[in-house]
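Comments concern the structure below.
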Amino acid sequence: MSAEPKPRSAYSAQSDSAQAAQEIVSQLGEHTPRLIVFFATVEHDGALIGQTLAQQFPTAQIAGCSSNGEFTDRDYGTGGVAVLSLGEDILSEVASAIAVLDDGVEHGIHAAAEVLSTQLGQPLAELPASRWVGLGLLEGANGQEERINESLGHIAPLIPFVGGSAGDRIRFHRTWVYAAGQLHHNACALMLLRPVRPFAILKTCHFTASPIEVEVTKADPSKRLIHELDGQKAVDRYCQIVGVSVSELGFPHLLANPLGLMIEGQPWLRSVVRPEGSSLFFACAVLEGMRLHLMTAGDIVQNAATAFTAATEPLGVPPRAAILFNCAYRMIEVQLKGLEAAYHSALSSIPHAGLHSNGESYLGHINQTLTGIVFS
Amino acid sequence: MAQILTLEALAEAVRTKLAVPTEFMIINTRVILQTGVNLRRIRADQNQDLALLRKVHAALHKLGVRIEGELP
């Protein structure tokens, strides 16, 4: 007899994939989930973990991806597996598919959309958008996220897909995703979820816009490069507004000083990865003509502590579980500041699983945020 | 069929088409990220930019928002 449904998380620090899978199964216990999402270090055998979960929990759709670090409300680390299991008390319907991108992003996403439509019995564009939310685990090493998000907009314009880019210990070499019983490296795991109760989309960061604004006057979005800001060499202008000399510009300055595209008062962060000559290479495409604010950092632990309630407050219901995508830059910041334990403690008021991602997705590709779905 | 000559006119047509605020918000956010044009706050330097008008119109079309009216 199955136990009462409730969100369940599990975490294993085991580096052996078979042992990690068994530990996860043991922690989850006997129940009948609708969806199990897992995040595992890139060295793990994701197919073995996914297939073990599928055998143990045949009622569930299983999806996962590789990570730069994994966390749950139970534990966190780098090199393990983090899992969240959601049952019929949270989700009434789940459809999942894998979008293989080898023949192009648009082709892969549209083929996966056909699979999802068949499972759900209707075209995705005809689903009532207020009752559905998409979940996307994106290939994260090849800079395809802008095109993936655009394609998701074409197949289901009004349904927000929330997710993040798979990680590989920040090497940007090769990531993997798992869904529909298959593991692929150049692919996205796509799910459509119909929550039972109201849900919230979380997209938060600990930065606010400063009054300093720059205009992108020359850029190559396909390469995520900004060549000029305000008509000056991008590196020179960025250093001016940050207040550092070009010769002294280093990673700590880049980490602490992202630029933000402000949309209706909310920042959509664009993180600088490194200078390339006199240009700046970003973790996200930026278009010519866009005006970006220099952002001012706040308290990242406080930001995490209020994330769930801030997201669900407008719904008037308490949060019960969350699937989270936390930017690797946030992971690095809390590690550098010695705040890792406090950060994860702040998040641990509800069952959740997350990964430190190579970028986050919500209607488009974003950087340096904590993004996810919060279920009530 | 009336011509759409400015981004302001295009935005008005989108507002008519997407009367539900959350639907407009989602489509507008996608358009901003893909084109740099905020249909709620069109900048003076963007409003009569024909190339930008066509780019936004094409982005809307791909998002399933078919606007009646011809572009110049």
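Brief remarks on what is shown
- Within the accessible area of chain B, the carbon and sulfur atoms contribute 54%, probe 1.4 Å, all protein chains present.
- Sequence-separation-based contact order of segment A:1-125, relative, with Cα cut under 8 Å and 6+ spacing, percent: 29
- In units of the compact-protein estimate 2.2 N^0.38 Å, the protein assembly as shown shows a Cα radius of gyration of 0.96.
- Fluctuation leader among A:326, A:303, A:142 - chain A, Gaussian network, Cα springs under 10 angstrom: A:142
- Dipole magnitude for segment A:1-107: about 260 debye, using +1 per Lys or Arg Cβ and -1 per Asp or Glu Cβ, origin at the Cα centre.
- Lysines whose Cα lies under 30 Å from that of residue A:6, excluding same-chain neighbours fewer than 8 positions away: A:203
- Note on exposure: A:8, B:40 ranked by accessible area (1.4 Å probe, complete protein assembly) read B:40, A:8, with the most exposed listed first.
- Each chain gives up part of its surface: A and B jointly bury about 1800 Å² of accessible area, both sides summed, for a 1.4 Å probe.
- For the cross-link pairs A:223/B:55; A:223/B:17; A:218/B:62, the ones whose C-alpha atoms lie over 24 Å apart are A:223/B:17; A:218/B:62.
- Once C-alpha pairs closer than 8 Å and six or more residues apart are averaged by separation and normalised to the residue number of chain A, the relative contact order reads 20 percent.
- Surface analysis of chain A yields an accessible area of 36 Å² per residue, using protein heavy atoms and a 1.4 Å probe.
- Alpha carbon centroid spacing (whole Å) that separates segment A:131-192 from segment A:11-56: 20
- Sulfur and carbon atoms: percent of accessible area, segment A:245-310 [1.4 Å]: 55
- Within the listed set A:139, A:333, A:248, the Gaussian network model of chain A (springs between alpha-carbon atoms below 10 Å) gives the highest mean-square fluctuation for A:248.
- Taking the charge dipole of chain A about its Cα centre, with +1 at Lys and Arg Cβ atoms and -1 at Asp and Glu Cβ atoms, the residue from A:318, A:148, A:111 reaching farthest to the positive side is A:318.
- Choice from A:172, A:282, A:308 with maximal GNM fluctuation in chain A (Cα, 10 Å cutoff): A:172
- Other protein chain C-beta atoms within 10 Å of residue C-beta, averaged over B:20-30: 4.
- Across segment A:181-189, rounded Karplus estimates of 3J(HN,Hα) from the backbone phi angles (6.51 cos²θ - 1.76 cosθ + 1.60, θ = phi - 60°) give x, 10, 10, 9, 8, 10, 7, 10, 8 Hz, Gly and Pro being marked x.
- Shown in residue order for segment A:149-156 are the 3J(HN,Hα) couplings computed by the Karplus curve 6.51 cos²θ - 1.76 cosθ + 1.60 at θ = phi - 60°: 5, 4, 5, 4, x, 6, 7, 8 Hz (x for Gly and Pro).
- Shielding of A:359-369 by partner chains, average beta-carbon count, 10 Å: 2
- Amide proton proximity set for residue A:210, modelled H, under 5 Å, gap of 5+: A:294, A:295, A:296
- Peptide ranges A:20-32, A:184-196 listed from the most packed, as the mean C-beta count within 10 angstrom indicates: A:184-196, A:20-32
- In the context of the full set of protein chains, residues of chain B present 52 Å² of accessible surface per residue (probe radius 1.4 Å, heavy atoms only).
- Burial of 20 Å² or greater, segment A:287-312 residues [accessible area, probe 1.4 Å, versus chain by itself]: A:287, A:289, A:290, A:291
- Apolar share of the accessible surface for segment A:100-204: 49 percent from carbon plus sulfur atoms, 1.4 Å probe.
The values are calculated or read from the model by the stated rules, or taken from the named source; none is laboratory data. All values derive from a computational prediction rather than experimental measurement. Backbone-built Cβ (ideal geometry, glycine too); neighbour counts: all protein chains shown. Areas reflect the complete protein model, heavy atoms only, side chains present, ligands, DNA and RNA absent. Shrake-Rupley method; radii C 1.70, N 1.55, O 1.52, S 1.80 Å.
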